[in-house]
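Okay, structure first, notes after.
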Amino acid sequence: MGFCLFNNIAIAAEHLIKKHGKKRIAIIDYDVHHGNGTQASFYDRDDILFCSIHRYPFFPGTGGSHEKGAGAGTDYTVNAPLPGYNNNDDYKKAFDDIIVKAVDDYKPEFILVSAGYDAHERDPLGGMSLTKKGFKYMNEQLFQLAKSHSSGKILFVLEGGYDMKGLQEGVESVFEVIT
Ligand SMILES: [Zn+2]
């Protein structure tokens, strides 16, 4: 759905498991839209923890906090739905309380990030109020989690973002915290 032909992050996660023998991959998706395709790909599995923070209710309609996985995958899907126009502080609270906690408990061997910047306040589609500072905060936590659990192994994949300046600031927010 959306504007995607292939789900790069899901392919990468599956590759890490099948070709590199990884047993615990965490995917964190902070694109403003729920990562419905990634969630559906791994909904009944415990070798991939999928965490998404997004606007809800919103396109594509999924991503309520009651969606937690199924079967062996129960509790390995973690959704942090936020109402529209939430700002840096709102994101910080939800990210710390829900996403960071889940990843810390899971102790992933590799972290993949669906890095979309359509939650930026300038974005014409997202309807959120994040600035570069808010993205940078989330990235700092993700790099810290990678240091703590995955020997620094973390991969960011660029996803949404429909304002050029917002997209630029989002990408900068990753490079500015690479250490
Ligand atoms: Zn998006």
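Dimensions of the chain along the principal axes, based on C-alpha atoms and rounded to the nearest Å, stand at 40, 36, 32, largest first.
For the chain, the longest principal axis of the alpha carbon atoms and the long axis of helix 8-20 meet at an angle near 20°. Ordered from largest to smallest accessible area (heavy atoms of protein chains, 1.4 Å probe), the residues Ile11, Ile25, Ile17 come out as Ile11, Ile17, Ile25.
For the chain, the longest principal axis of the C-alpha atoms and the axis of helix 132-149 are separated by about 20°. Between the helical axis of 164-175 and the longest alpha-carbon principal axis of the chain there is an angle of about 50 degrees.
For a Förster distance of 45 Å, can you work out the FRET efficiency between the beta-carbons of Ile11 and Met164, rounded to the nearest 0.05?
Numbers: r = 27 Å, r/R0 = 0.60.
Efficiency, from the Cβ-Cβ distance: 0.95.
Protein chains only, probe 1.4 Å: how do Thr38, Thr131 rank by accessible area, largest first?
Numbers: Thr38 10, Thr131 35 Å².
Of Thr38, Thr131, the descending order of accessible area is Thr131, Thr38.
The values are calculated or read from the model by the stated rules, or taken from the named source; none is laboratory data. Every value quoted in this text rests on a predicted model; they were computed, and no experiment measured them. All Cβ positions, glycine included, derive from the backbone under ideal geometry; neighbour counts span all protein chains shown. With ligands, DNA and RNA removed, areas are computed over all heavy atoms of the protein, side chains included. Shrake-Rupley method; radii C 1.70, N 1.55, O 1.52, S 1.80 Å.
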